[in-house]
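Structure first, then comments.
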Amino acid sequence: MTMEQNNKQNAKKMGKKDSKEFLVIADTIFSPIYPVIAEQIVTNTGIHSGTALDVGSGPGHLATALALASECTVHALDCSPDMVEICQRRISEKGLTKKVIPSCGDVCEISFDDNSFDLIVSRGSWFFWEDLEKGLSEIYRVLKPGGKTYIGGGFGNTALKEQIVSAMKERKSDFESGMKERLMSRSPEVIRSVMEKIKVHNYSVINDDSGIWLMMVKE
Ligand code: SAM
């Protein structure tokens with residue numbers, strides 16, 4: 001089985017146990033990255049308000065950080081009903097029910113109208129999508145004209161990355177090699193080829209210490 005097939009199968013298997021395990025990691029080891037990435041999103045896109053969508057939001061850590069770092073109302077979308085349940089609970093606990101709205105759905109079939117969002121973000125999810133091309137074209141469809149995306153993966157900066165890789169290797173010895181393989185599957189070359197196929201020309205790729213992020217701008 002290729003790594004891509006393996007990732008897709010794992011994503012499909014994000015049941016109660018995997019969702020709870022991811023929540024523990026996001027609440028502890030990953031927790032410092034979310035406010036950093038949310039600030040980078042606001043700074044790099046220049047979008048401070050409006051309606052945002054976080055795709056593959058998991059327990060909703062980036063969605064809630066973005067809601068706190070901006071005036072955006074954030075829809076948190078995930079294909080795992082167990083993740084959505086956890087996300088709903090976290091949002092209530094944080095008193096953010098008016099700013100973060102969870103829903104269950106697949107990026108390859110987004111159940112929102114065309115031109116709905118000013119900003120679409122996603123972290124650590126596109127490695128698991130069944131069809132990257134379909135997912136990104138669905139995201140482009142629901143983006144408003146002038147709207148922007150910030151989609152990819154990363155840990156915010158070098159210090160956080162080193163800290164997290166080291167802590168994760170204690171839990172899972174092959175974490176670093178798996179991460180490198182995942183990143184290679186979403187290289188700038190792969191992104192460029194998908195952008196050509198879906199005929200999106202106004203985009204840029206950030207590929208630095210903060211991670212790899214696709215910024216599309218809808219024309
Ligand atoms: N974005 C969160 C974070 O950074 O903490 C969660 C990242 S977790 C590694 C990946 C998430 O993507 C999982 O919650 C999974 O259920 C979700 N996911 C995977 N494939 C998806 C799809 N096709 N549509 C929507 N969500 C998806």
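Computed from the coordinates by the stated procedures, all read-outs in this text should not be read as laboratory data. Being a predicted model, the structure only gives us computed values, none of them experimental. Glycine also receives a Cβ, built like all others from the backbone with ideal geometry; neighbour counts cover every protein chain displayed.
Overview of values
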| item | result |
| --- | --- |
| Among the residues listed as V205, V142, the single one being of a type in the set (A, V, I, L, M) and within 14 Å of N44 (Cβ to Cβ) | V205 |
| Every residue from segment 44-74 that is among the small types (G, A, S), assigned to a helix (DSSP H, G or I), touching a helix residue (DSSP H, G or I) at 6+ places or on another chain (Cβ under 8 Å) and crowded, with 21+ Cβ neighbours inside 10 Å | A63, A65 |
| Pair list, Cβ under 9 Å, 6 or more apart: segment 149-162 residue free of Cβ contacts under 8 Å to residues at least 24 places away in the same chain, other residue crowded, with 17+ Cβ neighbours inside 10 Å | E162/F155 |
| Cβ-Cβ under 6 Å pairs, at least 6 apart or on other chains, segment 16-40 side more than 17 Å from D209 (Cβ to Cβ) and touching a residue at least 12 places away in the same chain (Cβ under 8 Å), far side near the ligand (Cβ under 8 Å from one of its atoms) and assigned to a helix (DSSP H, G or I) | S19/M83; A26/H61 |
| Scan of segment 118-134 for residues that are under 12 Å from the mean Cα position of the chain (by Cα) and part of a helix (DSSP H, G or I), ordered by number | W126, F127, F128 |
| Residue in segment 29-41 that is buried (at least 21 other Cβ atoms within 10 Å of the Cβ) and polar (S, T, N, Q) present | no |
| Per-region count, segment 75-99, residues within 13 Å of the ligand (Cβ to nearest atom) and not in a loop (DSSP other than H, G, I, E, B) | 12 |
